[in-house]
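The values are calculated or read from the model by the stated rules, or taken from the named source; none is laboratory data. Fair warning: this is a prediction, and the values are worked out from it, not measured in the lab. Don't worry about glycine lacking a Cβ; one is built from the backbone with ideal geometry, like all the others, and counts go over all protein chains shown.
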C-alpha cells in the first residue's frame, strides 16, 4: 500500500461493523431481528459468534497485510432500541435474566445494558487483537454524542447549540480518559444559507467549548469532517480555520513527564503512614493514570492508583510499617495513548527506613545519654 508521506496524512481503515447489507442478506440467520420479529436486511447481530469472528477476521486481515495507521469502527451499535430480538439474544437473555420474562421492553434498562455489553466486549476483543498485530495501530469509533444513547443511535446535526451541548456531555462522560474528535456532518451544513459560516461555528465549538472534570479542563482534541464528497463547498472556511499544519494528538509518542516526588514526612516513625505527592504532565494529550509501586524489605510489591488532587498533581499514601523496615517505591504514569513513563532514583527505587524506635524516644535517649555523659565528666573532674 502506498504511504501518504509528505502531507502529514494518516490512513485509517474504515469498517461498517454491524451494518453490513451484503452479509445480512446472504446470511439472514445472522441478521438482527426487531421487536416485531422482522428480520433486518441491513444489520447483523453483535451477539452471534459467527458475526464477531467474521468482523474480526476482516479487521485483522487489513491490519496484517497493510501498513495502516488506524482502524475505525463505524456502526458499532444497534440501529435503534427495537433491536435485537433474535433467537441467540433470547437464549442468552433467559439464561442471564430469568427474573425478567422474554421479550423485554425496548426501553428496559437491563435490556439496554445487556446489549451494551455485547458492543463493549467486541471493542475490547478488537483492541487486544490489534495490540498483538501492531501496538501502534490506533483504534477509533464513530459513536452517538449523547452518552446514554450511544449504543443505539448515531447522527450529525446542523444546529450549533445542539452540537455544543452534545460535546459538553461527551466530555463529561469520557472524563479525559480518551481522545474526542467530534464529527461534523458536512452534508447537513451544505444545506445552510451560508455553509462556510455554519462550518466555522461548529469548528470553533470544538476549540472553545470546555468542561472541568477532576481538576482538569477538557475540550475536544480536534474534529472530523464527514465526508470528502462535500469538502469543495467549504474551501474558504477550511483555509481560514486551518492556517497551520494540524498535529493530531493521537500521533504523538512522547511519554509523560514525572517530576521528583515529595515524601511527607521525610523522617518516618514506626507505624506512620507516608504521603507521596508528584507532578505529572503530558502535552498535547493528557494523563490517563499515575500509579505508585512500593514494597517492604524487597518483599511483595503493592500497587496503588494515585489520586489527582490538582490539575497535574497526584498523591498516594503508603501505610505505616513496623520498626526496622525499609520501604522502596517508584512511580509510573500513562497518557491516554498508552505512552509510559517511570520515575525512580536513577534506575533504583526511592527508599526510606523505618527506625527501630520512634524518633521522640531516640531523641530522648540521645538527650539522656548526653546528660549522663556530662554528669559523669563533671564527677570525674571533681575527683581530680
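Please pick out the residue among 267, 221 that is assigned by TED's automatic domain parsing to the domain that holds residue 285, at pLDDT 90 or above and either touching a helix residue (DSSP H, G or I) at 6+ places or on another chain (Cβ under 7 Å) or not in a helix (DSSP H, G or I) (or both). So that I can check it myself, show each step before the final result.
On the way: 221 fails: assigned by TED's automatic domain parsing to the domain that holds residue 285.
Result of the check over 267, 221: 267.
Condition (residue is assigned to a loop (DSSP other than H, G, I, E, B), in contact with a helix residue (DSSP H, G or I) (Cβ under 7 Å, 6 or more places away or on another chain) and at pLDDT 95 or above) applied to the stretch 25-40: is it met by at least one residue?
no
When the residues of the stretch 285-335 are filtered to those that are in a loop (DSSP other than H, G, I, E, B) and exposed (fewer than 13 other Cβ atoms within 10 Å of the Cβ), which remaining residue is modelled with the lowest pLDDT? It would help to see each step written out before you state the result.
Pass one, the stretch 285-335, residues in a loop (DSSP other than H, G, I, E, B): 285-286, 297-300, 306, 309-312, 319-324.
In the following step, the residues that additionally are exposed (fewer than 13 other Cβ atoms within 10 Å of the Cβ) were identified as 297-300, 309-310, 322, 324.
Working: 297: 92, 298: 83, 299: 89, 300: 91, 309: 91, 310: 88, 322: 86, 324: 89.
This residue is 298.
Listed residues 242, 279; which is in contact (Cβ under 8 Å) with a residue 24 or more places away in the chain, under 30 Å from residue 181 (Cα atoms) and surrounded by fewer than 19 Cβ atoms within 10 Å (Cβ to Cβ)?
Values: 242 fails: in contact (Cβ under 8 Å) with a residue 24 or more places away in the chain.
From the options 242, 279, the qualifying one is 279.
Residue by residue through the stretch 156-182, note down the ones that are within 15 Å of residue 142 (Cβ to Cβ), under 19 Å from the mean Cα position of the chain (by Cα) and either in the same structural domain as residue 138 (by TED's automatic domain parsing) or not in a helix (DSSP H, G or I) (or both).
Once the filter is applied, which keeps residues that are within 15 Å of residue 142 (Cβ to Cβ), under 19 Å from the mean Cα position of the chain (by Cα) and either in the same structural domain as residue 138 (by TED's automatic domain parsing) or not in a helix (DSSP H, G or I) (or both), the stretch 156-182 yields 178, 179, 180, 181, 182.
Do we have any residue at all in the stretch 69-78 that's more than 21 Å from residue 128 (Cβ to Cβ) and buried (at least 18 other Cβ atoms within 10 Å of the Cβ)?
Yes, the stretch 69-78 contains a residue that is more than 21 Å from residue 128 (Cβ to Cβ) and buried (at least 18 other Cβ atoms within 10 Å of the Cβ).
Consider only pairs whose beta carbons are under 6 Å apart and that are at least six residues apart or on different chains; among these, list those whose first residue lies in the stretch 297-313 and is in the same structural domain as residue 284 (by TED's automatic domain parsing) and whose second residue is part of a loop (DSSP other than H, G, I, E, B).
Cβ pairs passing all conditions: 308/214; 308/215; 310/215; 311/215.
Check the stretch 141-151 and report whether any residue there is assigned to a helix (DSSP H, G or I) and modelled with pLDDT of 95 or more.
Start the filter on the stretch 141-151 by keeping residues that are assigned to a helix (DSSP H, G or I), which leaves 147-149.
Then keep just the ones that are modelled with pLDDT of 95 or more; that gives none.
So far as the stretch 141-151 goes, no, none of its residues is assigned to a helix (DSSP H, G or I) and modelled with pLDDT of 95 or more.
If a residue must be at pLDDT 95 or above and in a loop (DSSP other than H, G, I, E, B), how many such residues does the stretch 1-19 contain?
2
Before we move on, is residue 66 assigned by TED's automatic domain parsing to the domain that holds residue 145, buried (at least 16 other Cβ atoms within 10 Å of the Cβ) and either touching a strand residue (DSSP E or B) at 6+ places or on another chain (Cβ under 8 Å) or without any contact (Cβ under 8 Å) to a residue 24 or more places away in the chain (or both)? Spell out how you get there, then give the answer.
On the way: assigned by TED's automatic domain parsing to the domain that holds residue 145: yes; buried (at least 16 other Cβ atoms within 10 Å of the Cβ): no; either touching a strand residue (DSSP E or B) at 6+ places or on another chain (Cβ under 8 Å) or without any contact (Cβ under 8 Å) to a residue 24 or more places away in the chain (or both): yes.
It is false that residue 66 is assigned by TED's automatic domain parsing to the domain that holds residue 145, buried (at least 16 other Cβ atoms within 10 Å of the Cβ) and either touching a strand residue (DSSP E or B) at 6+ places or on another chain (Cβ under 8 Å) or without any contact (Cβ under 8 Å) to a residue 24 or more places away in the chain (or both).
Does the stretch 246-264 contain any residue that is closer than 28 Å to residue 183 by Cα, more than 21 Å from the chain's Cα centre (by Cα), at pLDDT below 90 and outside any helix (DSSP H, G or I)?
yes
Given the conditions (1) at pLDDT below 95; (2) under 17 Å from the mean Cα position of the chain (by Cα), report the number of the one that residue 71 does not fulfil.
Evaluating residue 71 over (1) at pLDDT below 95; (2) under 17 Å from the mean Cα position of the chain (by Cα) leaves (1) as the failure.
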